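S.K.: One structure coming up, written as C-alpha cells, with questions to follow.
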Amino acid sequence: MSAPETSSPPEPGGLGNRIGVAGRLLPVTGWRVLNSVRESRLHSSLVAPLFREVNLEMTIVCNLRCPFCWWWGTNGVAPKIIRDKEPLWKDQLTFEEIRKVFTPLRGKGVHVYLSGGEPFDRPDAIEIVEFLASLGLTVSFTTNGTLLTDEIIDRLVKVDGITIIHFSLDGPEDIHDSIRGKGNFAKTVANAQKIIARRKNGHPKVWAQSVMTNAMFGRTLEFVRTVEAAGFDRHLFQHLWFADRPTLDQHRKALQEDFGVVDTAAEGHLMALPGAAYGRRAALELENTRRAVYPFQMWTAPRLGVEDAEKYYSDMKFAVVKSCGKPWAGVNIKADGRVVFCPDQWISYSVGNVRDAPLVELWNNGAAKLFREKLNARGLWPGCVHCCAINWRQQ
C-alpha cells in the first residue's frame with residue numbers, strides 16, 4: 001500500500017471523536033461501553049454457552065489476487081501453504097464431512113458465515129448453502145461475485161435461510177478493476193443486480209463491502225452513489241486490518257509464551273503503518289460521505305472518529321476495545337477441519353479438528369478453556385487490535 005496523501009477535506013465543526021447516526025451525533029465511546037459490559041459478563045467463566053455463530057472457511061483458493069488479502073496479497077501466506085502442501089490446501093473438508101459437522105446443529109439457532117478464499121471457487125458451494133439452510137440455520141457469505149452463474153443465482157434466491165450476501169467492491173469501476181482485473185466490476189455488479197431482481201420480499205439482503213484504501217480518497221462519495229444506484233441495500237466499509245513488523249514479532253512471542261508453539265499465521269497481515277494523516281483523511285471522508293448519502297445505509301467497521309482513526313493507523317497499541325468476546329460467542333472451522341477461535345489467520349491455535357470430535361465437544365474442551373484463560377489474562381494479544389472479531393461490530 002502506497003503512502004496516503006497528506007491533504008484532507010475540511011473537518012465538519014464539532015466532529016472530533018463523535019459519529020453520526022440518523023442525523024444525530026453519538027459519542028463513539030458509548031458503543032464501546034456497552035460492548036465492554038457484555039464482554040465482562042461473558043468472560044466470567046471459561047465454559048461458554050453454545051456458540052451463536054460458526055465461520056466455515058470453505059477454501060483458501062481464490063480466482064482473484066487482491067494486494068491487501070492475507071491469503072493471496074502482497075504478503076499473503078497462501079503461496080507458502082500450497083508450496084509446503086499443507087492440509088489447508090490439499091485436504092479441505094468434503095461436502096459429506098461438512099454435513100456430518102453441522103447436522104447436530106439442526107434447529108439450534110446458529111448462524112453460519114461462509115468465508116474463503118472465494119467460497120464459490122468450490123464447485124459444491126451452492127449445495128453447502130442449501131444444506132445448511134435446510135437445517136434451519138441462517139447463512140451469510142462474502143463473495144467477489146465473479147463465479148456466480150445464472151443457475152447458482154436462481155438457486156440462491158430460493159434459499160430462505162440466507163440473510164446477507166456481501167459483494168466485494170473496491171471502488172469505482174476503474175479502481176476496482178485495477179485491483180481485481182479488467183471487467184470484474186461490471187461482472188460483480190451485474191450478478192448482484194440479478195439477485196436483487198430475482199429475490200422475493202427483499203431477501204436475501206445484498207450489501208456492497210469495501211476496504212477503505214487510499215485509492216478511494218476523493219472518490220468515496222462517487223463510489224457510494226454508484227452502489228446506491230445499482231440497488232444494493234447497504235454499503236459496508238472496512239478499515240484496513242493490518243500489523244507492522246514489530247507488532248507481529250511481539251504477537252508471535254506472546255503466543256509462544258502462552259501456548260508453547262511458534263505461530264506465524266498472521267504474517268499475511270504485514271503492512272507498514274499508514275500513519276495518522278491516513279487515518280484522519282479516511283475518517284473524515286467516510287463520515288462526510290455517510291452524511292451526504294443518508295438515508296442510504298452506509299456502515300463502517302470499525303467506527304472511528306477522527307482522533308481514534310489517527311491512532312488506529314499510527315499506533316499499534318491503540319485498540320477500539322480492550323478485550324475480545326469471540327471465544328465465548330463464536331468459532332471458526334478452517335478449510336482442513338481445524339477449529340480455531342480467531343478469524344483471518346490472526347492466531348492459528350487450534351482446539352482440535354472436527355474430523356476427530358464433534359464441534360460441540362471441542363467448544364468447551366481443555367484446549368478451549370486454556371485459550372479463554374490466556375485471553376482473559378492478556379486482554380488482547382499484540383496483533384489482535386486490528387482483527388475483525390473486535391472491530392467488525394463497531395459500526
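The values are calculated or read from the model by the stated rules, or taken from the named source; none is laboratory data. Bear in mind that the values here come from a model prediction, so they are computed numbers and not experimental data. All Cβ positions, even for glycine, are placed from backbone atoms using ideal geometry, and neighbour counts span all protein chains on display. Side chains are part of the model used for accessible areas, which takes the heavy atoms of the whole protein and leaves out ligands, DNA and RNA. Shrake-Rupley method; radii C 1.70, N 1.55, O 1.52, S 1.80 Å.
S.K.: Conditions: (1) more than 27 Å from residue 272 (Cα to Cα); (2) open to solvent by less than 10 Å² (accessible area, probe 1.4 Å); (3) in contact with a helix residue (DSSP H, G or I) (Cβ under 6 Å, 6 or more places away or on another chain). Residue 227 meets all but one. Number of the miss?
M.R.: (3)
S.K.: Could you tell me which of the residues 118, 96 is closer than 27 Å to residue 204 by Cβ, open to solvent by less than 50 Å² (accessible area, probe 1.4 Å) and of a type in the set (D, E, K, R)?
M.R.: Checking each option against the conditions leaves just 118.
S.K.: Is segment 173-187 home to any residue that is more than 15 Å from residue 233 (Cα to Cα) and assigned to a strand (DSSP E or B)?
M.R.: No: segment 173-187 contains no residue that is more than 15 Å from residue 233 (Cα to Cα) and assigned to a strand (DSSP E or B).
S.K.: Go over the candidates 101, 77, 139 one by one and state the one that is buried (at least 21 other Cβ atoms within 10 Å of the Cβ) and at pLDDT 75 or above.
M.R.: 139
S.K.: Here's a follow-up. When you scan segment 231-255, how many residues do you find that are buried (at least 18 other Cβ atoms within 10 Å of the Cβ) and in a helix (DSSP H, G or I)?
M.R.: 6
S.K.: Here are 112, 159: which of them is surrounded by 21 or more Cβ atoms within 10 Å (Cβ to Cβ) and more than 25 Å from residue 183 (Cα to Cα)?
M.R.: That would be 112, the only listed residue that is surrounded by 21 or more Cβ atoms within 10 Å (Cβ to Cβ) and more than 25 Å from residue 183 (Cα to Cα).
S.K.: So if I check each of 299, 346, which one is hydrophobic (A, V, I, L, M, F, W, C), within 21 Å of the chain's Cα centre (by Cα) and not in a loop (DSSP other than H, G, I, E, B)?
M.R.: Of the residues listed, the single one that is hydrophobic (A, V, I, L, M, F, W, C), within 21 Å of the chain's Cα centre (by Cα) and not in a loop (DSSP other than H, G, I, E, B) is 299.
S.K.: What's the number of the only condition in (1) buried (at least 18 other Cβ atoms within 10 Å of the Cβ); (2) in contact with a Ser or Thr (Cβ under 6 Å, 6 or more places away or on another chain); (3) modelled with pLDDT of 75 or more; (4) not small (Gly, Ala, Ser) that residue 67 fails to meet?
M.R.: (1)
S.K.: Taking residue 361 and the conditions (1) open to solvent by less than 30 Å² (accessible area, probe 1.4 Å); (2) under 27 Å from residue 104 (Cα atoms); (3) out of contact with any Pro (no Cβ under 6 Å at 6 or more places or on another chain); (4) part of a helix (DSSP H, G or I), which numbered condition does it fall short on, given that it satisfies the others?
M.R.: (1)
S.K.: Just checking, which of 355, 372 is touching a residue at least 12 places away in the same chain (Cβ under 8 Å), in a helix (DSSP H, G or I) and either open to solvent by 40 Å² or more (accessible area, probe 1.4 Å) or basic (Lys, Arg) (or both)?
M.R.: 372
S.K.: Just checking, how many residues over segment 303-318 are surrounded by fewer than 21 Cβ atoms within 10 Å (Cβ to Cβ) and more than 21 Å from residue 288 (Cα to Cα)?
M.R.: 4
S.K.: Now, a different point. Which residues, counting only those in segment 302-341, are of a type in the set (Ser, Thr, Tyr) and not in a helix (DSSP H, G or I)?
M.R.: 313, 314, 323
S.K.: I'd like the full set of residues that are within 26 Å of residue 242 (Cβ to Cβ), under 21 Å from the mean Cα position of the chain (by Cα), of a type in the set (D, E, K, R) and not in a helix (DSSP H, G or I), limited to segment 76-132.
M.R.: 118
S.K.: Considering only segment 256-283, how many residues are more than 22 Å from the chain's Cα centre (by Cα), among the hydrophobic types (A, V, I, L, M, F, W, C) and outside any loop (DSSP other than H, G, I, E, B)?
M.R.: Of the residues in segment 256-283, 3 are more than 22 Å from the chain's Cα centre (by Cα), among the hydrophobic types (A, V, I, L, M, F, W, C) and outside any loop (DSSP other than H, G, I, E, B).
S.K.: Another one. Would you check which residues across segment 262-313 are touching a Lys or Arg at 6+ places or on another chain (Cβ under 6 Å) and over 28 Å from residue 381 (Cβ atoms) and list them?
M.R.: Residues satisfying the conditions are 297, 298.
S.K.: Counting only residues that are part of a helix (DSSP H, G or I) and of a type in the set (Val, Ile, Thr), which one in segment 191-209 is surrounded by the fewest Cβ atoms within 10 Å (Cβ to Cβ)?
M.R.: Among those residues, the one meeting the criterion is 196.
S.K.: Please enumerate the residues belonging to segment 283-300 that are in contact with a helix residue (DSSP H, G or I) (Cβ under 6 Å, 6 or more places away or on another chain) and either crowded, with 21+ Cβ neighbours inside 10 Å or not β-branched (Val, Ile, Thr) (or both).
M.R.: Passing the criteria: 283, 285, 289, 292, 296, 298, 300.
S.K.: Answer yes or no as to whether residue 188 is surrounded by 16 or more Cβ atoms within 10 Å (Cβ to Cβ), in contact (Cβ under 8 Å) with a residue 60 or more places away in the chain and among the hydroxyl-bearing types (Ser, Thr, Tyr).
M.R.: no
S.K.: How do the pairs read when you match residues in segment 133-159 that are farther than 29 Å from residue 108 by Cβ with residues anywhere that are among the charged types (D, E, K, R) and in a helix (DSSP H, G or I), using Cβ under 6 Å and keeping only pairs 6 or more apart or on different chains?
M.R.: What qualifies is 146/187.
S.K.: Quick one: which residue in 61, 54 is part of a loop (DSSP other than H, G, I, E, B) and under 30 Å from residue 104 (Cα atoms)?
M.R.: 61
S.K.: Determine which single condition residue 393 fails, assuming it passes every other condition in (1) under 26 Å from residue 299 (Cβ atoms); (2) modelled with pLDDT of 95 or more.
M.R.: Unmet for residue 393, out of (1) under 26 Å from residue 299 (Cβ atoms); (2) modelled with pLDDT of 95 or more: (2).
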